[in-house]
Amino acid sequence: MSAVASIILAAGQGKRMKSTLPKVLHPVAGIPMVSYSLELTGSLNLAKRIVVLGHQFERIKEAILSVDRKVLFVHQKEQLGTAHAVQAAEPYLTDFSGIILIISADVPLLKASTIQKIITHHQRAANSGTLLTARVKHPEGYGRIIRNAAGEVIQIVEEGDTLPEQRKVNEINSGIYCFNSKELFQALAQVKKDNSQKEYYLTDVIRILLEKGSSIGSITVDDPVEITGINDQQTLSQVSQLIYERNALAHMEEGVIVISPGNTFLEQRVQIGPGTIICPFTVITAGSQIGSGCQIGPYAHIVESKIGSQTRIFSSLVEKSRIGSNSDIGPFAHIRPESIICDEVKIGNFVEIKKTLVGEGTRVGHLTYLGDAVLGKQVNIGAGTITCNYDGVRKNRTTIEDGVFIGSNNALVAPVIIGKDSYTAAGSTITGNVPAQSLGIARAKQENITGWVSKKKKQNENKKIEK
């Protein structure tokens, strides 16, 4: 079996996206567009993987290297067409003898099984070139596949160069090919830009190989939606929705209850246990893990977080944190990165947790900020409590030990330690450590002035008379 190398074409500027963000970095269902082709080729046993970049080369290269360091990069400084882009990769393949797989970076619905089919067909048929085609109801904008009476491919005509009769053809070119490496680069050297766009078309390689008498084959994709290319924001949205729904259905097949797949946004590489309910308008990003029997949402946003079983999260944001089992979060809570919420914890409405450990059985009911803190087991945090963690230079630690009861409207000025089984009085500003089993109280003593209201009213009346 011949070795296979891939070339991912990602050099296009994407003018129709009308965005300052490079086309291939636009998120598709939450993941950069180019990541799909990287994952696809990475799942295959390929000898080399090459990405051809052009517009904003360094920015895209840096983004790719952050997730995949096993690819080679080619800089197509001038975007002179698809043939020119492939030819730019030739220096990396001078010593390679095998099959070249060419795919576009803007086709995120493409499946690895489809790529495996075209590679297998190419090898078994001993073709010089093999292309993936599709039959669609609306072929406008795509190159047409022209066949002879025997059904053999004889030409690919780009949309701008089609004749009236050719425009009626509903079989289109997907832009995905397999070529024998030596024949590919020999043909590329003969490609000319004598077309309406004055570009070097990769489709001309098919014509050149056919003129030589070489064998050109094709396979037709089962579902034409799979080869949908993204060129504008509308298609980007449509493809994202398809991927979200596909991801939701895959989880449903494993026993996850997704109330409204069309209104739920599950990225790829998400793990969810059976029996968990995902309510509408919930977003769960790649890398998240959720146990069984949970309820997530509605309106929950889970970012790269791990959540145990039987936990409920309502209308809240959880970022890069861990939440244990049998816990309740929300509504309107914000769990910021590097937080750890243990089992059987209650984080109520309008609570913000930042880089904090919350021990088992602890309750933080409402209207609270806990930052850079460590809370023990069975702690109660009263409403309106905040940890004053920042002194203008550094973030300081607040430690609240097991069994502590923090009264409402407390300000805990870090660094500070609240000892085991101690209390703090409501309205206190705690600036020093509180020993175990003690009451910390730090507030002005209340004073009641008898008769003050009647005196004040009389003063006000006198002022009115003077005016």
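The values are calculated or read from the model by the stated rules, or taken from the named source; none is laboratory data. Fair warning: this is a prediction, and the values are worked out from it, not measured in the lab. Heads up, the Cβs are rebuilt from the backbone with ideal geometry, glycines too, and the neighbour counts pull from every protein chain shown.
General remarks:
Residues are listed down the side, and each one gets a yes or a no for (1) within 30 Å of residue 381 (Cα to Cα); (2) surrounded by 10 or more Cβ atoms within 10 Å (Cβ to Cβ); (3) of a type outside the set (Ser, Thr, Tyr); (4) not assigned by TED's automatic domain parsing to the domain that holds residue 402:
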{"residue": "422", "(1), (2), (3), (4)": "yes, yes, no, no"}
{"residue": "427", "(1), (2), (3), (4)": "yes, yes, yes, no"}
{"residue": "431", "(1), (2), (3), (4)": "yes, yes, no, no"}
{"residue": "435", "(1), (2), (3), (4)": "yes, yes, yes, no"}
{"residue": "445", "(1), (2), (3), (4)": "yes, no, yes, yes"}
{"residue": "448", "(1), (2), (3), (4)": "yes, no, yes, yes"}
{"residue": "451", "(1), (2), (3), (4)": "no, no, yes, yes"}
{"residue": "460", "(1), (2), (3), (4)": "no, no, yes, yes"}
{"residue": "464", "(1), (2), (3), (4)": "no, no, yes, yes"}
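- Only residues that are touching a strand residue (DSSP E or B) at 6+ places or on another chain (Cβ under 6 Å) and β-branched (Val, Ile, Thr) were counted in the stretch 220-238, giving 3.
- Residue count for the stretch 190-232 under the criterion of being among the aromatic types (Phe, Trp, Tyr) and under 12 Å from residue 175 (Cα atoms): the result is 1.
- Within the stretch 347-376, being touching a residue at least 24 places away in the same chain (Cβ under 8 Å) and among the acidic types (Asp, Glu) holds for 360, 372.
Results for (1) in contact with a Leu (Cβ under 8 Å, 6 or more places away or on another chain); (2) at pLDDT below 95, shown as yes or no for each residue.
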position	(1), (2)
10	yes, no
18	no, no
52	yes, no
59	yes, no
71	yes, no
88	no, no
94	no, yes
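To keep it simple, each residue is scored yes or no on (1) outside any loop (DSSP other than H, G, I, E, B); (2) in contact (Cβ under 8 Å) with a residue 40 or more places away in the chain; (3) under 46 Å from the mean Cα position of the chain (by Cα); (4) farther than 16 Å from residue 375 by Cβ.
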site	(1), (2), (3), (4)
417	yes, no, yes, no
432	no, no, yes, yes
443	no, no, no, yes
448	no, no, no, yes
456	yes, no, no, yes
461	yes, no, no, yes
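- Flag if residue 403 is assigned to a loop (DSSP other than H, G, I, E, B) and within 19 Å of residue 355 (Cβ to Cβ): no
- If you go through the stretch 323-369 and keep only what is surrounded by 20 or more Cβ atoms within 10 Å (Cβ to Cβ), of a type in the set (Ser, Thr, Tyr) and assigned to a loop (DSSP other than H, G, I, E, B), you end up with 327, 339, 356, 362.
- Among the helices (runs of 4 or more DSSP H) confined to the stretch 9-89, the ones with at least 1 residues that are surrounded by 15 or more Cβ atoms within 10 Å (Cβ to Cβ), touching a residue at least 60 places away in the same chain (Cβ under 8 Å) and of a type in the set (Phe, Trp, Tyr) are located at 33-42.
- Qualifying residue in the stretch 249-263 (condition: touching a Gly at 6+ places or on another chain (Cβ under 8 Å), closer than 22 Å to residue 33 by Cα and not aliphatic (A, V, I, L, M)): no
- Residues being within 14 Å of residue 272 (Cβ to Cβ) and in contact (Cβ under 8 Å) with a residue 24 or more places away in the chain - total across the stretch 299-345: 4
- Among residues of the stretch 364-393, those that are of a type in the set (A, V, I, L, M, F, W, C), closer than 15 Å to residue 415 by Cα and out of contact with any Leu (no Cβ under 6 Å at 6 or more places or on another chain), counted: 6
- The residues of the stretch 330-344 that are closer than 16 Å to residue 359 by Cα and either more than 23 Å from the chain's Cα centre (by Cα) or not assigned by TED's automatic domain parsing to the domain that holds residue 303 (or both), listed by number, are 341, 342, 343, 344.
- Qualifying residue in the stretch 168-176 (condition: surrounded by fewer than 14 Cβ atoms within 10 Å (Cβ to Cβ) and at pLDDT below 95): yes
- Condition check for residue 108: over 21 Å from residue 86 (Cβ atoms) and buried (at least 20 other Cβ atoms within 10 Å of the Cβ): no
- Unmet criterion (only one of (1) of a type outside the set (A, V, I, L, M); (2) in a helix (DSSP H, G or I); (3) closer than 20 Å to residue 14 by Cβ) for residue 92: (3)
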